[in-house]
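Undergrad: Input: one structure, supplied below.
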Amino acid sequence: MSNAVLENTSNVSAEPLADVLGAELPAPLIDGRTVRYVNLDYAASTPALEAVNDYVQTVLPYYASVHRGAGYASQISTSLYENARQAVRSFVGGRNDDAVIFTRNTTDALNLLAGCLPAEGDVLYLDLEHHANLLPWLDRPHRGLIAAPTIEETVAAVEEELLSGGVSLLAVTGASNVTGEVLPIARLAAIAHASGARIAVDAAQLAPHRRLNLLRDGIDYVAFSGHKLYAPFGAGVLVGRPDWLDAGSPHLAGGGAVKAVKVDSVSWTTGPARHEGGSPNVLGAAALAHATQVISGLDEDEWLRHEADLRKALVEGLSGLPGITVHSIFSDSTDAIGVVNFSVHGYDAGLVAAYLSAEHGVGLRDGKFCAHPLLKRLGLPSGSLRASFGLGSRHDDVDRLLTGLSALIRDGLGTDYVVDAGRWVPAVETRSFPEWAPHTPGTAGAAPCTTD
């Protein structure tokens with residue numbers, strides 16, 4: 001890596017903001033060495049906060065059935081589960097009557113919302129959405145709007161479409177999972193409300209990087225995932241206005257979602273229970289809630305500065321290397337989370353990702369990021385690379401990525417690679433999984449668009 005690149009990263013804080021599991025995880029290299037694993041794939045799934053893991057281990061012995069159990073452990077589990085709603089509501093600045101419904105993830109939450117929309121009115125969304133905020137709307141009246149080259153032009157286009165009438169919901173991401181660019185949610189919410197529509201925000205990427213406030217910004221619904229918020233224990237959440245949710249069809253027909261049941265009929269309850277049929281993920285909800293409390297306790301200025309410095313160093317470092325292009329959606333974007341998208345000229349994105357893993361111990365994401373329409377419009381139909389970071393990231397992570405890319409550009413690949421089950425892998429694999437980890441050769445990455 002050049003001295004210029006090193007100078008660009010020299011002012012970045014070397015310390016993570018929070019302790020995460022796997023921070024010192026050893027990663028074997030193809031040449032037999034072992035190095036610290038550099039996790040630059042936070043946008044797909046974050047590591048668990050150590051504080052969250054400790055909390056789960058504390059409450060795990062008390063796990064039991066909820067809501068209808070008279071036993072001591074059941075009462076504690078019920079308290080954990082129901083109090084998790086208030087913690088999450090506080091985290092997003094929700095209104096007092098906002099429903100907090102625990103789901104599996106953001107995709108599940110947005111599908112739940114899609115099943116509760118009123119019969120009249122279209123859903124309006126942009127072409128830059130993650131599939132989680134695009135596919136759920138396709139089975140109902142919808143309008144897909146292609147984002148303009150600038151945020152200002154895009155906001156104007158959204159306003160024009162909303163003012164034409166007939167839209168009941170504007171569904172938009174808070175921050176692009178591809179490039180990290182942040183959208184002006186408060187402005188879009190005001191525009192939506194002025195036309196009589198509501199707004200739903202996919203905050204899977206935004207929530208781990210920015211303070212949310214539904215009341216302040218006029219957001220009607222927000223969805224996000226625990227596995228992107230340092231609580232990878234299988235829970236997500238939908239928070240928002242209760243009227244549509246109470247009128248919609250139950251998301252899961254089952255026990256707990258009912259008032260009364262006869263052999264051939266049912267009377268459904270209202271509130272979050274209406275959509276949480278079956279035994280809920282108590283530990284997942286508790287972990288997610290605890291993560292929101294830990295994150296809420298961070299110094300906001302330090303948090304934003306840590307991320308901005310890392311992102312600036314990475315973008316400047318990438319821009320200083322020949323043959324690398326950093327991608328963006330908007331030419332006037334001034335705010336972005338810790339997500340950077342780029343390509344290396346002459347190399348398939350998947351090959352670069354495999355090289356960085358095998359020869360440098362760096363993990364990042366390649367592919368289409370479950371955002372096919374956007375990647376096609378950006379001229380990246382075969383995909384690109386995405387580096388992302390968060391609370392556990394450090395100065396050395398940026399340096400390690402830039403060092404690996406610099407070596408690739410200067411020296412080329414250090415070993416041969418082949419495509420196996422749709423993924424690039426070393427032609428001769430010398431690395432091995434831990435003995436306890438199951439591994440079937442030839443299956444890694446076989447499913448298309450598994451990212452996020």
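Undergrad: Select, from VAL326, VAL340, the only residue that is in a strand (DSSP E or B), in contact with a strand residue (DSSP E or B) (Cβ under 8 Å, 6 or more places away or on another chain) and without any contact (Cβ under 8 Å) to a residue 24 or more places away in the chain.
TA: Among VAL326, VAL340, only VAL326 is in a strand (DSSP E or B), in contact with a strand residue (DSSP E or B) (Cβ under 8 Å, 6 or more places away or on another chain) and without any contact (Cβ under 8 Å) to a residue 24 or more places away in the chain.
Undergrad: Does region 282-294 include one or more residues that are of a type in the set (S, T, N, Q), touching a helix residue (DSSP H, G or I) at 6+ places or on another chain (Cβ under 8 Å) and within 30 Å of HIS395 (Cβ to Cβ)?
TA: Taking every residue of region 282-294 in turn, at least one turns out to be of a type in the set (S, T, N, Q), touching a helix residue (DSSP H, G or I) at 6+ places or on another chain (Cβ under 8 Å) and within 30 Å of HIS395 (Cβ to Cβ).
Undergrad: Continuing with the same structure: Let me confirm something: among ARG198, ARG216, ARG211, which residue is in the same structural domain as ALA285 (by TED's automatic domain parsing), under 23 Å from THR270 (Cα atoms) and either in contact with a Lys or Arg (Cβ under 9 Å, 6 or more places away or on another chain) or at pLDDT 95 or above (or both)?
TA: ARG198
Undergrad: Let me ask something else. It is to be established whether one or more residues within region 90-103 are farther than 21 Å from ARG274 by Cβ, modelled with pLDDT of 95 or more and among the polar types (S, T, N, Q).
TA: Within region 90-103 (the criterion being farther than 21 Å from ARG274 by Cβ, modelled with pLDDT of 95 or more and among the polar types (S, T, N, Q)), the answer is yes, since at least one residue qualifies.
Undergrad: Name the single residue, out of those in region 319-335 being of a type in the set (A, V, I, L, M) and surrounded by fewer than 23 Cβ atoms within 10 Å (Cβ to Cβ), that is farthest from the chain's Cα centre (by Cα).
TA: That would be LEU321.
Undergrad: Within region 396-436, work out how many residues are among the hydroxyl-bearing types (Ser, Thr, Tyr), over 26 Å from PRO322 (Cβ atoms) and more than 30 Å from the chain's Cα centre (by Cα).
TA: 1
Undergrad: Further question: Quick one: in region 46-69, of everything that is assigned to a loop (DSSP other than H, G, I, E, B) and closer than 30 Å to HIS395 by Cα, which residue is farthest from the chain's Cα centre (by Cα)?
TA: Per the stated criteria, the residue is ALA48.
Undergrad: ARG400 is checked against (1) touching a residue at least 60 places away in the same chain (Cβ under 8 Å); (2) buried (at least 21 other Cβ atoms within 10 Å of the Cβ); (3) under 15 Å from ALA43 (Cβ atoms) and fails just one. What number does that condition carry?
TA: Single failed check for ARG400: (3).
Undergrad: Against the definition (farther than 30 Å from ALA308 by Cα and part of a helix (DSSP H, G or I)), how does ASN83 come out, yes or no?
TA: yes
Undergrad: May I pose another question? Take ILE199 and decide whether it is in contact with an Asp or Glu (Cβ under 8 Å, 6 or more places away or on another chain) and over 20 Å from ARG386 (Cα atoms).
TA: So ILE199 passes the test.
Undergrad: Scanning for something more than 28 Å from the chain's Cα centre (by Cα) and at pLDDT below 95, does region 70-84 turn up at least one residue?
TA: So far as region 70-84 goes, yes, one or more of its residues are more than 28 Å from the chain's Cα centre (by Cα) and at pLDDT below 95.
Undergrad: Same structure, new question: In this structure, is ALA87 assigned by TED's automatic domain parsing to the domain that holds ALA285, touching a Ser or Thr at 6+ places or on another chain (Cβ under 6 Å), in contact (Cβ under 8 Å) with a residue 24 or more places away in the chain and more than 20 Å from LEU374 (Cβ to Cβ)?
TA: Yes: the conditions hold for ALA87.
Undergrad: Can you find a residue in region 85-102 that is of a type in the set (S, T, N, Q) and under 16 Å from LEU283 (Cβ atoms)?
TA: So far as region 85-102 goes, no, none of its residues is of a type in the set (S, T, N, Q) and under 16 Å from LEU283 (Cβ atoms).
Undergrad: Quick check on ARG143: is it among the basic types (Lys, Arg) and either part of a helix (DSSP H, G or I) or in the same structural domain as VAL326 (by TED's automatic domain parsing) (or both)?
TA: no
Undergrad: Taking GLN75 and the conditions (1) touching a strand residue (DSSP E or B) at 6+ places or on another chain (Cβ under 6 Å); (2) surrounded by fewer than 23 Cβ atoms within 10 Å (Cβ to Cβ); (3) more than 23 Å from GLY248 (Cα to Cα), which numbered condition does it fall short on, given that it satisfies the others?
TA: Among (1) touching a strand residue (DSSP E or B) at 6+ places or on another chain (Cβ under 6 Å); (2) surrounded by fewer than 23 Cβ atoms within 10 Å (Cβ to Cβ); (3) more than 23 Å from GLY248 (Cα to Cα), GLN75 violates only (1).
Undergrad: Could you check LEU138 against (1) under 22 Å from the mean Cα position of the chain (by Cα); (2) in contact (Cβ under 8 Å) with a residue 40 or more places away in the chain; (3) over 30 Å from ASN96 (Cβ atoms) and say which number it fails?
TA: Of everything listed in (1) under 22 Å from the mean Cα position of the chain (by Cα); (2) in contact (Cβ under 8 Å) with a residue 40 or more places away in the chain; (3) over 30 Å from ASN96 (Cβ atoms), LEU138 misses just condition (2).
Undergrad: Checking the condition at positive phi and surrounded by fewer than 20 Cβ atoms within 10 Å (Cβ to Cβ), which residue from GLY121, GLY144 passes?
TA: Within the list GLY121, GLY144, the selection yields GLY121.
Undergrad: Something else now. Taking region 175-202, which residues are in contact (Cβ under 8 Å) with a residue 40 or more places away in the chain and not basic (Lys, Arg)?
TA: Within region 175-202, ALA175, SER176, ASN177, VAL178, THR179, GLY180, GLU181, VAL182, ALA197, ALA200, ASP202 qualify.
Undergrad: Then there's this: I'd like to verify a number: residues in region 18-45 that are assigned to a loop (DSSP other than H, G, I, E, B) and either of a type in the set (Asp, Glu) or at pLDDT below 95 (or both), how many?
TA: Final tally of qualifying residues: 3.
Undergrad: When you scan region 147-184, how many residues do you find that are more than 22 Å from ARG386 (Cα to Cα) and either basic (Lys, Arg) or in contact with a Leu (Cβ under 8 Å, 6 or more places away or on another chain) (or both)?
TA: Number of matching residues: 11.
Undergrad: Let me ask another. Residue check: is LEU128 touching a Ser or Thr at 6+ places or on another chain (Cβ under 9 Å) and either part of a helix (DSSP H, G or I) or within 16 Å of VAL201 (Cβ to Cβ) (or both)?
TA: So LEU128 passes the test.
The values are calculated or read from the model by the stated rules, or taken from the named source; none is laboratory data. Because the structure is predicted, anything quoted here is derived from the model rather than measured. Every residue, glycine as well, gets a Cβ built from its backbone with ideal geometry; the counts of neighbours run over all protein chains shown.
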